[in-house]
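Engineer: Below you will find the structure I want to go over with you.
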Amino acid sequence: MFRSLYSKLALTLFAVFSLLATLLVFLHLYSNHLYQLETQQKLNKDLATHIAQEYKIFENGMVYEDRLQDLFHTFMQINPAIELYSIDADGKIIGYNAPHEKIVRTHIDLQPIKEFIQGERSFPIEGSDPRDISNNKIFSVVSLKQGAETRGYLYIILAGERFSNVVSHLMGSHIINASTWVIVIVLVFSLLLALLAFRYMTKRLATLSGKMEQFKQSGFTAISDSKIRHDRCSDEIDDLTYSFYEMANTIVRQLSKLKQADGQRRELIANVSHDLRTPLTTLQGYLETILRKSDELDEAEKQQYIETALQHSQRLGNLVSELFELARLDANETRPKLEAFSLPELVHDVIHKFWIMTSKRNISVETQFDQQLPFVYADLGLIERVIQNLLENAIRYTPDGGKIIISLAHADDAVTVQVKDNGCGIAEKELPLIFERFYRPEKSRQQSSGGAGLGLAITKRILELHGSTIQAFSRINQGTEFRFHLPIHQA
């Protein structure tokens, strides 16, 4: 019943308002009671003085008992709420007009009397009640003096009948009863307004909780679109909602990437298994042939089998090296060692390494360099691997007698590198995929091409470590161009 936040807040608010209403009613009644006592005592402050002077109950240092008894009797008949007592200088009660069994005190505390006479305290001042040992009452008093000596006091209790408790006080006054109900109604109305305000504020939290539950039930894979305002007018609930949708969308994207990565992992394992199995099987077959038919083969055939086995062994070694290199790059174990070097010299060195390969296939490699190119600031070894991978890839897919152009151009604070061939090209839909591991565009470019599909993935990762990106542009049967930028060295 009280599981929701709103019900808990409502219950707490009801308890607080109930306590507040009780406290306010009590304070109202108590303060009203004190106000009545203060008013009554202020109005009758000099009553004892006037009575003592009017009836001359104390003259020549003597208290006239007969006058005092007549005074007791007269005032008790006129106003039963007033009780008159005469006390001596020590506070002992020596005169009164009441049944003896009702008088439960024999002495009156003189401290409140002195404070009343001297005006040391603000009203109301309560003194001892001869008829009630546990309660005090407001009073009026006058000292009976002979010269400078106090011989006694005329002590008048002003509230002979006192409300025993708050309930009797409330029931005994229509004004107090009405004002108390006004306080209660105001508090109830305020409680309703507060509940409505809480309902409005928690409604958005309830909606957010429902969205969270839906997101959970969907397996954290789907989140409904929601336009959340996030500006200066937003409150904490808006911020929480905005953060939830940001977090949920991030989780959806991450799970999607994880699924995609899992698919790529499976594909990677399949591709690695295939690319490893083929050269291993071929290598094993040639070695077994040499071992079993050694006597039947002449030297030329043995030499041919050994060279073929060596080629597959080299291919297998290259594949393992590329996998190891890519793994190191992904794990950030390879950190670029930046230095300044001449990019044209590096390009010429790489072209020279492939001179035999390009010569056999009559492929021309041309260079187009801007004049006075500045040094670039990068890792020499890693950039050499990038250019080598791009040039090797261009040679692989360029037909015999084709042409490859490597361009270097100075642009702002970087040098732009372009590697362009006039080969078979890549379909537009396949361009975003060519940098994935083991991806080879078109089925015709599979094992006959000699590549494992890791060179461009390694190239992309190396350039990312340098804060650069690589772009690919291609047209079917017209060629492919790769382009990237390297920062120049600032002297």
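Rule-based calculations on the coordinates, nothing more; no lab input. Computed from a prediction, not measured in an experiment: that's the story for all the values here. No Cβ is skipped: glycine too gets one built from the backbone with ideal geometry, and neighbour counts run over all protein chains shown.
Engineer: Neighbouring Cβ atoms within 10 Å as the yardstick, rank Ile223, Ile133 fewest first.
Structural biologist: Details: Ile223 18, Ile133 9.
Ordered from fewest to most neighbouring Cβ atoms within 10 Å, Ile223, Ile133 come out as Ile133, Ile223.
Engineer: On a straight-distance basis, which aspartates and glutamates could pair with Lys259 in a cross-link, Cα separation under 18 angstrom, same-chain partners fewer than 8 positions away excluded?
Structural biologist: Glu267, Glu436
Engineer: Once you have the alpha carbon radius of gyration of the stretch 257-329, what is it after dividing by 2.2 N^0.38 Å, with N set to its residue count? Present the calculation step by step, with values, prior to reporting the outcome.
Structural biologist: On the way: Rg = 17.0 Å, N = 73, 2.2 N^0.38 = 11.2 Å.
Scaled against compact globular proteins, the figure is 1.51.
Engineer: Report the Stokes-Einstein translational diffusion coefficient (µm² s⁻¹, integer) for the stretch 79-127, Rh taken as the Kirkwood radius over Cα pairs, at 20 °C with viscosity 1.002 mPa s.
Structural biologist: Working: Rh = 12.2 Å.
The diffusion coefficient I find is 175 µm²/s.
Engineer: Restricting things to Cα coordinates, could you compute the convex hull volume per residue of the stretch 335-487 in Å³?
Structural biologist: Details: hull volume 16.5 nm³, N = 153.
Given the Cα convex hull of the stretch 335-487, per-residue volume reads 108 Å³.
Engineer: Now, a different point. If each residue's Cβ is checked for other Cβ atoms within 10 Å, how do His312, His50 rank with the fewest at the top? Walk me through the numbers on the way to the answer.
Structural biologist: Details: His312 19, His50 12.
So the residues, fewest neighbours to most, are His50, His312.
Engineer: Turning to a different aspect of this structure: Do the alpha carbons of any pairs in Lys42/Lys137; Lys56/Lys145; Lys360/Lys420 sit beyond 18 Å of each other, and which pairs?
Structural biologist: Details: Lys42/Lys137 14 Å; Lys56/Lys145 12 Å; Lys360/Lys420 20 Å.
Distance filter (> 18 Å) returns Lys360/Lys420.
Engineer: If I model the stretch 11-50 as equal point scatterers sitting on the Cα atoms and use the Debye formula, what is log10 I(q)/I(0) at q = 0.21, 0.24, 0.31, 0.34 Å⁻¹?
Structural biologist: -0.68, -0.75, -0.91, -0.97
Engineer: Sticking with this structure for a sec: Got the relative contact order for the stretch 335-487 handy, in percent, Cα pairs under 8 Å and 6 or more residues apart?
Structural biologist: Working: 277 pairs, mean separation 39.2, N = 153.
The value is 26 percent.
Engineer: Around Leu240, what is the net charge, scoring Lys/Arg as +1 and Asp/Glu as -1 over all other residues with Cβ under 12 Å from its Cβ? It would help to have the intermediate numbers written out before the result.
Structural biologist: Values: positive: Arg204, Lys211; negative: Asp235, Glu236, Asp238, Asp239, Glu246.
So the surrounding residues net to -3.
Engineer: In addition: If you average the C-alpha positions of the stretch 341-370 and of the stretch 119-137 separately, how far apart do those two centres end up, in angstrom?
Structural biologist: When both Cα centres are located, 116 Å separates them.
Engineer: A further question follows. Just rank Asp421, Asp370, fewest to most, by other beta-carbon atoms within 10 angstrom. Please report the intermediate quantities before stating the final value.
Structural biologist: Numbers: Asp421 27, Asp370 14.
Going from least to most buried by this count: Asp370, Asp421.
Engineer: Could you give the dipole magnitude of the stretch 335-487 about its Cα centre, charging the beta-carbon of Lys and Arg +1 and that of Asp and Glu -1, in debye to the nearest 20?
Structural biologist: Working: 18 positive and 18 negative charges, 137 e Å.
About 660 debye.
Engineer: Okay, next question. Can you list residues from other chains, or at least 5 along the same chain, whose modelled amide H is less than 5 Å from the amide H of Glu339?
Structural biologist: Distant-sequence amide H within range of Glu339: Ala378, Asp379, Leu380.
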